[in-house]
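Enquirer: Let me give you the structure first, and then I'll get to my questions.
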Amino acid sequence: MNRRAFVHAADDDVEPLFQIEYHYRIELLEAELRFIERFRDRIRADPAALGQFWQQLHAR
């Protein structure tokens, strides 16, 4: 069961006020994952676009 499904399963037993923190955390984690996936795709598509430092760092 993923985190979102777990929180939704518990929604019936927990007051909405106390669910806010969990929903907020899930949204942050999902946003971070989307950012990382886009960054990874950018690196794969064109490593040179990240500049000389990046190339030198990964040339070793």
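The values are calculated or read from the model by the stated rules, or taken from the named source; none is laboratory data. Here the structure is a predicted model, which means the values were calculated and not measured. Methodologically, a virtual Cβ is constructed for each residue, glycine included, from the backbone with ideal geometry; neighbour enumeration extends over all protein chains shown. Ligands, DNA and RNA are stripped out before the accessible areas are found, and what is left, the full protein with its side chains, is counted by its heavy atoms. Shrake-Rupley method; radii C 1.70, N 1.55, O 1.52, S 1.80 Å.
Enquirer: Go through region 32-44 and give me each residue that's touching a helix residue (DSSP H, G or I) at 6+ places or on another chain (Cβ under 9 Å) and open to solvent by 70 Å² or more (accessible area, probe 1.4 Å).
Expert: 42
Enquirer: I'd like to check something: does region 45-52 contain any residue that is at pLDDT 85 or above and either in a helix (DSSP H, G or I) or exposed (fewer than 10 other Cβ atoms within 10 Å of the Cβ) (or both)?
Expert: Yes, region 45-52 contains a residue that is at pLDDT 85 or above and either in a helix (DSSP H, G or I) or exposed (fewer than 10 other Cβ atoms within 10 Å of the Cβ) (or both).
Enquirer: In region 8-31, which residues are open to solvent by 100 Å² or more (accessible area, probe 1.4 Å) and part of a helix (DSSP H, G or I)?
Expert: The answer is 17, 18, 20, 21, 22, 24, 25.
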